[in-house]
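First comes the structure, then the notes that go with it.
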């Protein structure tokens, strides 16, 4: 157990951040799945900017790696572009 007040506070704040990061990561994963399952071009085009924004935020907060966010955005963009045909 922590012996210093600052260490105790750090434990509390880390726990709060962990819960928040897990929530945002799970929400983003669900949004990505929803976008992948989309069959309508209009629905997919509507979701893509929102999902991209979510991925960028996760990468900025270092919840996921920036390259992973970039790869996901690229693959999702290709998926949306292929729906046009």
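A short reminder: the numbers here are calculations on the coordinates, not readings from a lab. This structure is a prediction, so every number in the text was calculated from the model and none was measured. Quick reminder, even Gly has a Cβ in these numbers, built from the backbone with ideal geometry, and neighbours come from all protein chains shown.
Spin-label model, residue 40/residue 81: points 7 Å from Cα along the beta carbon direction are separated by 2.4 nm.
Between the C-alpha center of region 50-85 and that of region 1-20 there is a gap of 31 Å. Normalised radius of gyration (Cα atoms, divided by 2.2 N^0.38 Å) for the chain: 1.44. Dividing the mean sequence gap of close Cα pairs (under 8 Å, 6+ apart) by how many residues region 11-82 holds gives a relative contact order of 31 percent. Cα axis of helix 66-82 to longest principal axis of the chain: angle in degrees, 0 to 90, nearest 10? It is inclined by approximately 20 degrees. Rounded to the nearest 500, the 222 nm mean residue ellipticity of the chain from helices alone is -29000 deg cm²/dmol, with -39,500 (n - 2.57) taken per DSSP H run of at least 4 residues.
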